[in-house]
Structure formats: C-alpha cells, structure tokens
Amino acid sequence: MSDDYFLRNRSTIAIITGGTQGLGLAIARRLAREGAPGMAISGRNEEKGEGVAEKLRSIGTDCLFVKG
C-alpha cells in the first residue's frame, strides 16, 4: 500500500466521545497514526484522559481532553 493510504486522515478533525478507553481510544489512536491533525476526546476520568491526550500529541496530533 502507498504512504497516502496510511495518511488518509490528514484533513480529519474529530470529536471522539469515550476516547480514553476501549473502542473510542482505538479510533483515536488510528486517526492519529493516519495523520489526523487534531481531535478532541472526552471521558469521565481526567487523569486518564490527559494521559491519553498527551500520548496522542506525541504521535503528532493536536489533542484536547474534555471531561464529561
């Protein structure tokens, strides 16, 4: 597969509810690996959420955690 396939979300900005664990986290990681420039994730646990957001930022995605 070409590099474009793996960077197919270069223009995707996402809001992911439940993005700190399970399926929501898997989606957030996948989007980040595929080049999404930004996303907001939400969850109930602030400490966990900020940790996940920091990991996504380290991949290169601008990520904001919103406690919900």
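Residue ranges 61-68, 35-42, 10-17 sort as 35-42, 61-68, 10-17 when ordered by packing (mean number of other C-beta atoms within 10 Å per residue, highest first). Of Arg57, Arg30, Arg44, the residue with the greatest mean-square motion in the GNM of the chain, using alpha carbon springs below 10 Å, is Arg44.
Residue order by solvent-accessible surface for Leu23, Leu7 is Leu23, Leu7, largest first, with ligands and nucleic acids left out and a 1.4 Å probe. Extension gain for the segment Ile13 to Arg29, taken as residue separation times 0.36 nm less the Cα-Cα distance, is 4.4 nm to one decimal. The angle between the Cα long axis of helix 46-59 and the longest principal axis of the Cα atoms of the chain comes to about 20 degrees, rounded to the nearest 10. When the surface is traced with a 1.4 Å probe over the full set of protein chains, Glu54 keeps roughly 100 Å² accessible. Mean residue ellipticity at 222 nm, helices only, the chain: -13000 deg cm²/dmol; runs of at least 4 DSSP H residues each add -39,500 (n - 2.57), and the sum is divided by the number of residues.
Per residue, the convex hull around the alpha carbon atoms of the chain comes to 64 Å³. Only the Cβ atoms of Lys and Arg (+1) and of Asp and Glu (-1) were treated as charged; on that basis the dipole of segment 1-65 about its Cα centre amounts to roughly 160 debye.
The values are calculated or read from the model by the stated rules, or taken from the named source; none is laboratory data. Since this is a predicted model, take the numbers as computed values, not measurements. Positions of Cβ are generated from backbone atoms using ideal geometry, with glycine treated the same way; all protein chains shown enter the neighbour counts. Just so you know, the surface numbers come from the protein's heavy atoms only, side chains and all, with ligands and any DNA or RNA stripped out. Shrake-Rupley method; radii C 1.70, N 1.55, O 1.52, S 1.80 Å.
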